[in-house]
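**Q** This is the structure I have questions about; it appears just below.
The values are calculated or read from the model by the stated rules, or taken from the named source; none is laboratory data. None of these values were measured; they are calculated from a predicted model. Glycine gets a Cβ as well: all are built from the backbone with ideal geometry, and neighbour counts include every protein chain shown.
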Amino acid sequence: MSLFGFGKKNAPEPSPPPAPPPVAEEQQGWFGRLKSGLSKSSSKLTQGLGDLFTKRKLDDEALEDLEDLLITADLGVATAAKVTKHLAKTRFGQDVDSADIKQTLAEEITRILEPVARPLVIDPSRKPHVVLVVGVNGSGKTTTIGKLAKQNKDAGLSVTLAAGDTFRAAAVEQLKVWGERTGCPVIWREDGADAAGLAYDSIAESRKQGCDLLFIDTAGRLQNKADLMAELAKIVRSIKKIDPTAPHDVLLVLDATTGQNAHSQVEIFKDMVAVTGLVLTKLDGTARGGVLVALAEKFGLPVHAIGVGEQAGDLRPFEADAFAKSLVGMD
């Protein structure tokens, strides 16, 4: 096993860093990026609403058309039924336009999402707080780990990364690059090494260093589900041998561009390992962002963060209201 540590700069800063922007300005900046990132999803939905509702009476046919639209926008059958049922109770027989429907839709989506919008909370009493990160290959696991590492490092925590996807040299190299970018040590082994042994050693090393937070990457090959399930179970057993309370979080990273396939991925990984929360990536590259609503409705798992771009600042804690408004194209 090798441990790559990257030193801190010793030279003093020539001048104090600039003051951070006001919270309102920063929030507005993120809302703008979120709205832009969800533009493919929102345009699909808003165009459909515009076509359906131009001062149209909300009758049974209109409600059925709306339900079909919401389902095709990946919001899911349960969410579509809930929204149309609410509209039937409150606006049936009235003239409505797309703005009316957008407002109601945003409110209903917010109600569905608020219970699952929970940030990832790091327990400072754990040394380290262990986060196991799972997901299929290509979902953005390694990049998500790098972004979360940067954010927590910037918040003053000491962070270690463990390259547990030992069967893909590219994943190890990618994590090393993030280690260099963030100044976080990376624990890795040669190709094909035992991932469970790496997980055990990474906790031991992080504990020795007094590290606050440890992210453990994992393989995501679904071609042979039985092998992957056995490997993840072995990793968890190995972790518990050194810390019976760990892993303290198990994050499932989902690629939003997979749309409804995200449902089967949640089912599969819930069977493999006790998933505690979700991170949804690549929302800026898809018109299927509504799937997040369907996942919240069906599984009720905490959604810790969403990603709408490549930069570390484009992965943020999930906020129900901002997401709902962006999804339906509201300002």
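**Q** Tell me yes or no: at least one residue of the stretch 78-97 is of a type in the set (Val, Ile, Thr), under 26 Å from Ser43 (Cβ atoms) and part of a strand (DSSP E or B).
**A** To start, the set of residues in the stretch 78-97 that are of a type in the set (Val, Ile, Thr) comprises 79, 83-84, 90, 96.
Adding the requirement that they be under 26 Å from Ser43 (Cβ atoms) leaves 79, 83-84, 96.
Remaining after also requiring part of a strand (DSSP E or B): 96.
Checked against the condition, which is being of a type in the set (Val, Ile, Thr), under 26 Å from Ser43 (Cβ atoms) and part of a strand (DSSP E or B), the stretch 78-97 yields at least one hit.
**Q** Take Val303 and decide whether it is modelled with pLDDT under 95 and either farther than 16 Å from Gly135 by Cα or out of contact with any Asp or Glu (no Cβ under 9 Å at 6 or more places or on another chain) (or both).
**A** Working: modelled with pLDDT under 95: no; either farther than 16 Å from Gly135 by Cα or out of contact with any Asp or Glu (no Cβ under 9 Å at 6 or more places or on another chain) (or both): yes.
No; evaluated as a whole, the condition is false for this residue.
**Q** Next question. Give me the pairs: first residue in the stretch 184-202 and at positive phi, second residue part of a loop (DSSP other than H, G, I, E, B), beta-carbon distance under 7 Å, and six or more apart or on different chains, which are they?
**A** Hits for this filter: Gly192/Thr166; Gly192/Phe167.
**Q** Moving on to the next point. Within the stretch 102-126, how many residues turn out to be more than 30 Å from Gln151 (Cβ to Cβ) and either modelled with pLDDT under 90 or of a type in the set (Ser, Thr, Tyr) (or both)?
**A** The total comes to 1.
**Q** On the given criteria, is Asp65 assigned to a helix (DSSP H, G or I), over 18 Å from Gly289 (Cα atoms), modelled with pLDDT under 90 and under 34 Å from the mean Cα position of the chain (by Cα)? If you could, list the steps in order and put the result at the bottom.
**A** Numbers: assigned to a helix (DSSP H, G or I): yes; over 18 Å from Gly289 (Cα atoms): yes; modelled with pLDDT under 90: no; under 34 Å from the mean Cα position of the chain (by Cα): yes.
No.
**Q** Here is a further query. Within the stretch 152-173, count every residue that is under 19 Å from the mean Cα position of the chain (by Cα), surrounded by 19 or more Cβ atoms within 10 Å (Cβ to Cβ) and assigned to a helix (DSSP H, G or I).
**A** 2
**Q** Pairs under 6 Å by beta carbon, first residue under 28 Å from Leu283 (Cα atoms) and in contact (Cβ under 8 Å) with a residue 12 or more places away in the chain in the stretch 53-77, partner surrounded by fewer than 17 Cβ atoms within 10 Å (Cβ to Cβ) and among the charged types (D, E, K, R), six or more apart or different chains?
**A** Partner pairs satisfying both residue conditions: Phe53/Asp97.
**Q** Could you count how many residues in the stretch 174-190 are outside any helix (DSSP H, G or I) and touching a helix residue (DSSP H, G or I) at 6+ places or on another chain (Cβ under 6 Å)?
**A** Initial filter on the stretch 174-190 (outside any helix (DSSP H, G or I)): 183-190.
Subset that is touching a helix residue (DSSP H, G or I) at 6+ places or on another chain (Cβ under 6 Å): 184, 186-189.
Adding up the residues that qualify gives 5.
**Q** Inside the stretch 114-143, can you point out the residues that are in a helix (DSSP H, G or I) and surrounded by fewer than 24 Cβ atoms within 10 Å (Cβ to Cβ)? Give the steps one after another, and end with the answer.
**A** Pass one, the stretch 114-143, residues in a helix (DSSP H, G or I): 114-116, 141-143.
Those that are in a helix (DSSP H, G or I) and surrounded by fewer than 24 Cβ atoms within 10 Å (Cβ to Cβ): Glu114, Pro115, Val116, Thr143.
**Q** So, one more: Do any helices (runs of 4 or more DSSP H) lying entirely in the stretch 237-331 carry at least 3 residues that are crowded, with 23+ Cβ neighbours inside 10 Å and of a type outside the set (Gly, Ala, Ser), and which ones are they?
**A** Working: elements: 261-272, 291-299, 320-327.
Fully inside the stretch 237-331 and qualifying: 291-299, 320-327.
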